[in-house]
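A single structure is presented below for examination.
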Amino acid sequence: MSARIPLILALPRLPVRPARFSPRRFCWGCRVLCGVLAVAWLLHASALAAKKQKGPTTKTVSGVVMDRSEKGISGAEVTLKDLQTGKIMAIYAEANGQ
């Protein structure tokens, strides 16, 4: 019986070249990218939440609606217009014109 050489040992060894991108470097880069994206998303989400939490601004209008004889006009309509939004609101004077 002759000794057989295993097929694996009979193949010539090929030179091993180092990889351009090691898996460790690639994983580190992915981790950094994911971290940067997460921070950017959190900043964006917090900015949107702060913008939405801003409540409406309240304003007060006071005055008296009078005729020529300086008597108050009851039920007079006073129209208010918000110049920024264009919203129009009508209010009515009370019995003494206020």
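Between Q98, Q84, which is at pLDDT below 85 and touching a strand residue (DSSP E or B) at 6+ places or on another chain (Cβ under 8 Å)?
Q98
Looking at (1) at pLDDT below 85; (2) surrounded by 10 or more Cβ atoms within 10 Å (Cβ to Cβ), can you tell me which one K54 breaks?
K54 satisfies every listed condition except (2).
The values are calculated or read from the model by the stated rules, or taken from the named source; none is laboratory data. If you're wondering where the values come from, they're calculated on a predicted model, not measured in any experiment. FYI the Cβ positions are ideal-geometry reconstructions off the backbone, even for glycines, and counts take in every protein chain you see.
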